[in-house]
Each structure stands twice: as C-alpha cells, then as structure tokens.
Amino acid sequence: YEVDFLARAVDRPPELIQVCAGLSDPDTAEREFRALTDAARQWPDATRRVLTVADREAPFPAPDGVIVQPAYEGMLE
C-alpha cells in the first residue's frame, strides 16, 4: 500500500496525505484509509490526512487519528 504524499517540514511533524475524488464508495474509502494505516507503522508521529475533491463523507467512520477534509481546506493550511 502506498500513500500519495509524505510532507515534511523542519518546524512541524511529518504528514501522510491521501488525495481522492470522494470517499462515498466503500472500496475507495477502505483503500485510502488502509494506505494511511499501513504507512503510520513507519511514520507513527505523522499526521494522517485524506483530502477529497467531492466530499468528506465515507460509508464508515475514518480510523482514529485520520483527518478527512475537502482539498481546498488542506491547501489553505
């Protein structure tokens, strides 16, 4: 499993980022969350984030510690 981005900066913790059109499809949501969960084993202190284009609603809750937000919000941070 692979995450889309690993963002690192000198002044803050690393961030694992997944980007997808939407999470309404159960297979898509499971794939995106699984990749973050797997990568968190190597980067346990990293923030885990899913950026979506269409929505933030998944057919089941995001795993603990995973932030789901519209892409425009993530780009403004």
Notebook entry, point to check: For A7, are the conditions met, namely being assigned to a loop (DSSP other than H, G, I, E, B), among the small types (G, A, S) and surrounded by fewer than 17 Cβ atoms within 10 Å (Cβ to Cβ)?
Noted result: no
Checklist line | Counted residues, segment 57-73 - those being of a type in the set (A, V, I, L, M, F, W, C) and out of contact with any strand residue (DSSP E or B) (no Cβ under 9 Å at 6 or more places or on another chain) | finding: 1
Next item on the list: Identify the single condition in (1) in a helix (DSSP H, G or I); (2) without any contact (Cβ under 8 Å) to a residue 24 or more places away in the chain that Q69 does not satisfy, given that it satisfies every other one.
Entry: (1)
Item checked: Among (1) of a type outside the set (S, T, Y); (2) modelled with pLDDT under 95; (3) touching a Phe, Trp or Tyr at 6+ places or on another chain (Cβ under 8 Å) - the single one R56 does not satisfy -> (3)
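So that you can scan it fast, the table gives a plain yes or no per residue for (1) surrounded by 14 or more Cβ atoms within 10 Å (Cβ to Cβ); (2) charged (D, E, K, R):
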residue: C20; (1), (2): yes, no
residue: P26; (1), (2): no, no
residue: E32; (1), (2): yes, yes
residue: A39; (1), (2): yes, no
residue: R48; (1), (2): yes, yes
residue: L51; (1), (2): yes, no
residue: A58; (1), (2): yes, no
residue: P63; (1), (2): no, no
residue: G74; (1), (2): yes, no
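The values are calculated or read from the model by the stated rules, or taken from the named source; none is laboratory data. Quantities reported herein were computed from a predicted structural model and do not represent experimental measurements. Every residue, glycine among them, receives a Cβ derived from its backbone with ideal geometry; neighbour counts consider all protein chains shown.
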